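Read the figures in this text as sums done on the coordinates, not as results from a lab. Quick caveat: nothing in here was measured; it's all calculated off a predicted structure. We place every Cβ from the backbone using ideal geometry, glycine too, and count neighbours over all the protein chains shown.
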Amino acid sequence: ITDFLSQSDQAHLAQVSRFHFQLVMPLAWRTVTGATQLFKLLPGVRVETPGVLTGTETIYLPRNLNINTACFARFRFYAKLVKHILLFKNPAIVIKVNRWGELLEYASHNVLLPSLLSITVETYWPESTSHYAWIALFSSPSNTQATMSYCLHFYR
């Protein structure tokens, strides 16, 4: 039944009881649309979004956040539920992270999404090498598919 609920309704149902939370969360987090959803699970992270349909969404990891020792408990709880990720919720928006190097270094020794089966990148910006960094960041041994598609027209 929960498969037929909207994300909003799933979230409300999950708040009813522990039983419903455990029932709904694997379905609600099975497919994540937008990598920023995952970063919001980390303490102190701020996401700056453009006010228009195109632009740059910036994820700010706090300077005082030690990526190697930070409390990733909340992130890990939900990360193990993610099976599919669509990296960008809007193909016209590019996502930047202020501490890419440290994040990629951490991910090279720690699997961020241990149950991930597929990564999808839909973008208007095919020349951006950061797309490959995103795939590297979230790839895991369970990952069986990575798809990149380039959109040809902007939304109007």
Using only the Cα atoms of the chain, what semi-axes does the equivalent ellipsoid have when each is the square root of 5 times a gyration tensor eigenvalue? Give whole Å, largest first. 24, 20, 16
Take Y124, Y132 and order them by how many other Cβ atoms sit within 10 Å, fewest up front. Y132, Y124
For E122, enumerate residues with amide H under 5 Å from its amide H, sequence gap 5+ or separate chain, H modeled in the peptide plane. L87, F88, S149
Where Lys and Arg each count +1 and Asp and Glu each count -1, what net charge lies around L42 among other residues with Cβ under 13 Å from its Cβ? +4
Relative exposure of M148, M25, judged by other C-beta atoms within 10 Å (fewest first): M148, M25
Please give the charge dipole size of the stretch 34-150, origin at the Cα centre, charges +1 on K and R Cβ atoms and -1 on D and E Cβ atoms. Round to the nearest 20 debye. 420
